[in-house]
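Chemist: This is the structure, below, for whatever I ask next.
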Amino acid sequence: ERMQRWLQEQPKDLGVAMHLAGGYLALNREDEARAAYAKVVENYPRHVPALNNLAWLTRNGDITQAVAYAKQAEQLSPNDPAVMDTLGMLLTMQGDKVRGQRLIQNAAERAPDDLDIQVHLAQVLVDQGRVEEAKQVLRKVIEKAGNGHAAASARSALELLP
């Protein structure tokens, strides 16, 4: 509430706006997070983290718009693994598996310690029929993540593999 009130008086305070959006995201309040990131992008159209998160949060409502946000982020920061991963996942969802998978693989190479990206890499490997490699990636994620979110995703994915 304090951040919201502050932003009513100081709508261009980027730090507070990003903290508010991140707070909503941490609480799984995706609609509010999406609106908060959209406000950041409105005020700062070249803010890559906000564009990237807005792209991901828009995926279920409007995949075309989500891809547009992700492509904007890619134009601004083409070597950012988080941007590559988001755009790759969105393109894959939209049906462009070749480019999407290539972006995810590139992101995974650039960010081997980003466990969420590694889980996405495993998904790509499964799609390509490389199940044993996917299992190895998922086992490494579980080993590194302990009881975190990425470990839960990896365990769930691993259980579904033959």
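Chemist: Using the C-alpha gyration tensor of the chain, what are the square roots of 5 times its eigenvalues, in whole angstrom, with the largest one first?
Modeler: 30, 18, 13
Chemist: Assuming 0.36 nm per residue, please report the length gained on full extension of the stretch residue 62 to residue 160 beyond their Cα-Cα distance.
Modeler: 32.5 nm
Chemist: Assuming 0.36 nm per residue, please report the length gained on full extension of the stretch residue 71 to residue 1 beyond their Cα-Cα distance.
Modeler: 21.9 nm
Chemist: Express the carbon and sulfur contribution to the solvent-accessible surface of the stretch 48-138 as a percent, rounded to the nearest whole number, probe 1.4 angstrom.
Modeler: 45 percent
Chemist: Taking every Cα atom in the stretch 88-162, find the radius of gyration and the maximum pairwise distance Dmax, and write them in Å.
Modeler: Expressed in Å, the Cα Rg and Dmax of the stretch 88-162 come to 11.5, 33.
Chemist: Write down the accessible area per residue of the chain in Å², having rolled a 1.4 Å probe over the full set of protein chains.
Modeler: 57 Å²
Chemist: Could you give me D for the stretch 1-42, from Stokes-Einstein at 20 °C and 1.002 mPa s, where the hydrodynamic radius is the Kirkwood radius over C-alpha pairs? Units µm² s⁻¹, please.
Modeler: Answer from the Stokes-Einstein relation: 216 µm²/s.
Chemist: Tell me, what is a quarter of the convex hull surface for the C-alpha atoms of the stretch 64-118, in nm² with one decimal?
Modeler: Dividing the Cα hull surface by four gives the mean projection, 3.2 nm².
Chemist: Taking 30 Å as the cut-off for C-alpha to C-alpha distance, list the pairs among 97/144; 39/71; 12/97 that go past it.
Modeler: Pairs exceeding 30 Å: 12/97.
Chemist: Based on the mean of other beta carbon atoms within 10 Å per residue, what is the order of 103-112, 125-134, most packed first?
Modeler: For the peptides 103-112, 125-134, the packing ranking is 103-112, 125-134.
Chemist: On to the next question. Roughly what % of Cα-Cα distances in the stretch 40-91 sit above 13 Å, to the whole percent?
Modeler: Value for the stretch 40-91: 45 percent of Cα pairs lie more than 13 Å apart.
The values are calculated or read from the model by the stated rules, or taken from the named source; none is laboratory data. Fair warning: this is a prediction, and the values are worked out from it, not measured in the lab. We place every Cβ from the backbone using ideal geometry, glycine too, and count neighbours over all the protein chains shown. Heads up: the accessible areas ignore ligands, DNA and RNA and are worked out on the full protein's heavy atoms, side chains in. Shrake-Rupley method; radii C 1.70, N 1.55, O 1.52, S 1.80 Å.
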